[in-house]
1. What are the pairs, 6+ residues apart or on separate chains, where a residue within the stretch 92-120 that is more than 22 Å from residue 388 (Cα to Cα) and touching a residue at least 24 places away in the same chain (Cβ under 8 Å) has its Cβ under 7 Å from a residue that is basic (Lys, Arg) and surrounded by fewer than 24 Cβ atoms within 10 Å (Cβ to Cβ)?
2. Go through the stretch 142-168 and count every residue that is surrounded by 16 or more Cβ atoms within 10 Å (Cβ to Cβ), closer than 15 Å to residue 432 by Cα and hydroxyl-bearing (Ser, Thr, Tyr).
3. What are the residue pairs meeting all of these: first residue in the stretch 437-450, first residue closer than 13 Å to residue 293 by Cα, second residue among the hydrophobic types (A, V, I, L, M, F, W, C), Cβ atoms under 7 Å, and 6 or more apart or on different chains?
4. Hey, among 433, 383, which residue is buried (at least 24 other Cβ atoms within 10 Å of the Cβ), within 14 Å of the chain's Cα centre (by Cα) and either among the aromatic types (Phe, Trp, Tyr) or assigned to a helix (DSSP H, G or I) (or both)?
5. Test each condition in (1) surrounded by fewer than 23 Cβ atoms within 10 Å (Cβ to Cβ); (2) in contact with a Lys or Arg (Cβ under 7 Å, 6 or more places away or on another chain); (3) over 30 Å from residue 289 (Cα atoms) for residue 410 and report the one that comes out false.
6. Among what's in the stretch 248-289 and is closer than 17 Å to residue 110 by Cα and in contact (Cβ under 8 Å) with a residue 40 or more places away in the chain, pick the residue that is surrounded by the most Cβ atoms within 10 Å (Cβ to Cβ).
7. Filtering the stretch 121-137 down to residues that are in a helix (DSSP H, G or I) and without any contact (Cβ under 8 Å) to a residue 40 or more places away in the chain, which residue is farthest from residue 448 (Cα to Cα)?
8. Inside the stretch 436-449, can you point out the residues that are within 21 Å of residue 401 (Cα to Cα) and either part of a helix (DSSP H, G or I) or β-branched (Val, Ile, Thr) (or both)?
Amino acid sequence: MEFTTTIWAIWAISVACGFYMAWSIGANDVANAMGTSVGSGALTIKRAVILAAVLEFTGAFFVGTHVSETIRKGIVSPEIFQNAPLDLVYGMAGALLAAAIWLQVASYFGWPVSTTHSIVGSVLGFGAVVGGMDAIAWHKVGTIVASWVISPLLSGTIAFLIFSTLRRTIYYNDDPIGAAKRLTPIIVFFVFFVLTLAMVFKGLKNLHLNLTFGRATPIAAAVGLIASVISAFLIRRIQPAPVRERVLVKQPLTVRRGLPRVIGQLDRLVRQAKGEVQAQLSMVLTDLKLISKEVEKGEMVEQGSTEYKTVQRVFVYLQILSAGFVAFAHGANDVANAVGPLAAIISILNTGLVTMKAPVPLWVLGLGGVGIVIGLATWGWRVMLTIGKKITELTPTRGFSAEFAAAVTIVLASKFGIPISTTHTLVGAVLGVGLARGIGALNLRVVTEIIISWFVTLPAGALGAIIFYYVLKAVFG
């Protein structure tokens, strides 16, 4: 296709939309990986951003897909655009813009939503306009809708079981340090075993290693065994000591009576404030309400047990490891949500042909990686706070349970072909950890808002893509 001024303009707009989409992915999706680590105190926001930035860019640039489907997830057949390739260009550019805008809106309110579902909903919109409702692969849309239930339910159940088991076998043990010394090598084995499998099937699949579960399992077991032996030597340095008396600590009466008054006053300020100030005050209000509930119940404290805190430190490292995996795998896998449509546009503009697959230039992968990192660094803290602090209170053990449950879910889904969303999986795992402490440990208002945002994602993307498709076609068509 000859590069006229019009084609160059379309090319420039498409690149800008691809970068904007990558920025939005960084602002929303990447924060899921590090949110639990921030919420539990394992990492500060600054360190979480730096760690995630390095791993996300490494995964996106070095392991990201070099060949992408022309249309993500095969929702619409590219064949309907054979006679009008520019229609696909307008549609994909509009889809990128629509998905990016919705992700930015969700990020502003701190809602963790699926970037894959955002781009799929956008493609669904303009595909139905161009090819009609019969052109949509509705069975694939059905699997996406099913993942809204399957992902959080499966990961939540696993997280509930993991945290309940750790609490019962270690923290409720009369000798938690001794229990930790016995069980940590076993836990480490399973962590490295699962993460290695998950890395092969989620983070390294774009390298086309073509490893089956049968071939990958011995490798994962060997990695887990080596890590387990190393951890056994390291954990020996922790000196066992019994947990001393546990006492219920109640806050002074002035604190118990003063908090509701402060919450009431802050609630009035939130209703009157506007813009960014209102959003920040709302976050403070949510945290104060959680603190108020904890103050009412009181706090169980183990007196004189510094070694007990050392057990928690073991799970800090395991949690950071799990979070690092999620970040790397996300960069390798989900960068395609930004670079895939852009690669399809570039391929059509270069050749004038619509194919089922499109090559992804290295500079496009780099653009996607940089966009993700900038999005994470500028707006990522919003979703991090939701995942780490607003759904339920997290500790290193709870955060580890959530991250590890998400990794287990990814492995099981890869093995059995279950449709899942990484975002929904992690949110479900955090919910499962919260439920292990009772329904009162969850912030149901925040949970309701998140679930509603999941259902809005597909139609929001579809409607936006239809609008932008017609706008671009009217301007350049």
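The values are calculated or read from the model by the stated rules, or taken from the named source; none is laboratory data. The shown structure was predicted, so the numbers you read here are calculated from the model rather than taken from an experiment. FYI the Cβ positions are ideal-geometry reconstructions off the backbone, even for glycines, and counts take in every protein chain you see.
1. Short answer, once both residue conditions are applied: 119/72; 120/72; 120/73.
2. Number of matching residues: 4.
3. Pairs found: 442/391; 442/431; 442/435; 443/290; 443/391.
4. 383
5. Going through (1) surrounded by fewer than 23 Cβ atoms within 10 Å (Cβ to Cβ); (2) in contact with a Lys or Arg (Cβ under 7 Å, 6 or more places away or on another chain); (3) over 30 Å from residue 289 (Cα atoms) one by one, residue 410 breaks only (1).
6. To start, the set of residues in the stretch 248-289 that are closer than 17 Å to residue 110 by Cα comprises 270, 274-287.
Remaining after also requiring in contact (Cβ under 8 Å) with a residue 40 or more places away in the chain: 279, 283, 286-287.
Details: 279: 15, 283: 16, 286: 19, 287: 15.
Going through the qualifying residues, I end up with 286.
7. First, pick out the residues of the stretch 121-137 that are in a helix (DSSP H, G or I): 121-131, 133-135.
Next cut, without any contact (Cβ under 8 Å) to a residue 40 or more places away in the chain only: 133-134.
On the way: 133: 31, 134: 33 Å.
Applying the filter and picking the extreme gives 134.
8. At the first step, the residues of the stretch 436-449 found to be within 21 Å of residue 401 (Cα to Cα) are 436-444, 446-447.
Correct list: 439, 440, 441, 444, 446, 447.
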